[in-house]
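Notes to accompany the following structure.
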Amino acid sequence: IVEGREVSSCTLPNGTVCDEWKLFRGECVVEGVVSKATYAKGDTTVTAVFHIKAGTVILDAPALNITTQELKAVEAASGAKYATSDEKITFWEHQGEATTTQDGKETFMGMATK
């Protein structure tokens, strides 16, 4: 117990010790943990690079005319949802499935690739 709160730490594979909440917030570098995912449906792919600490995702989806587009986290009932400031582009990820919308229309729904 530290300063009136219970503290729990995680020991990472490289021996580094990190507070569990810092790890949850993405404040600890974890070797071997990828914050990048690719989702596919047919010939269309969407690549997402998540920046958990910043609350952003960078999307690349050439077939959808999306190139290096940064979206910020927005409130979602479940999963993780991100949007441009004008909400013209949204990206929602939930249990390995991703959906993008552009100008309010669904333009992609695909599953994470292994």
> Which ones in region 72-92 are under 10 Å from the mean Cα position of the chain (by Cα) and open to solvent by less than 40 Å² (accessible area, probe 1.4 Å)?
Replying inline: A80, Y82, F91
> Can you tell me how many residues in region 56-65 are in a strand (DSSP E or B) and over 17 Å from A112 (Cβ atoms)?
Replying inline: 1
> Looking only at residues in region 93-104 that are in contact (Cβ under 8 Å) with a residue 24 or more places away in the chain and surrounded by 18 or more Cβ atoms within 10 Å (Cβ to Cβ), which one is farthest from the chain's Cα centre (by Cα)?
Replying inline: T100
> Here are some residues: T107, T68. Which one is loosely packed, with under 12 Cβ neighbours inside 10 Å and part of a strand (DSSP E or B)?
Replying inline: T68
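Residue by residue, here is whether (1) within 20 Å of S35 (Cα to Cα); (2) of a type in the set (D, E, K, R) holds:
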site	(1), (2)
I58	yes, no
T67	yes, no
K72	yes, yes
I89	no, no
E93	yes, yes
T100	yes, no
G110	yes, no
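The values are calculated or read from the model by the stated rules, or taken from the named source; none is laboratory data. Keep in mind that what you see is a predicted model, and the values were worked out from it rather than measured. A quick note on method: Cβ atoms are made from the backbone with ideal geometry, for glycine too, and the neighbour counts reach across all protein chains shown. Heads up: the accessible areas ignore ligands, DNA and RNA and are worked out on the full protein's heavy atoms, side chains in. Shrake-Rupley method; radii C 1.70, N 1.55, O 1.52, S 1.80 Å.
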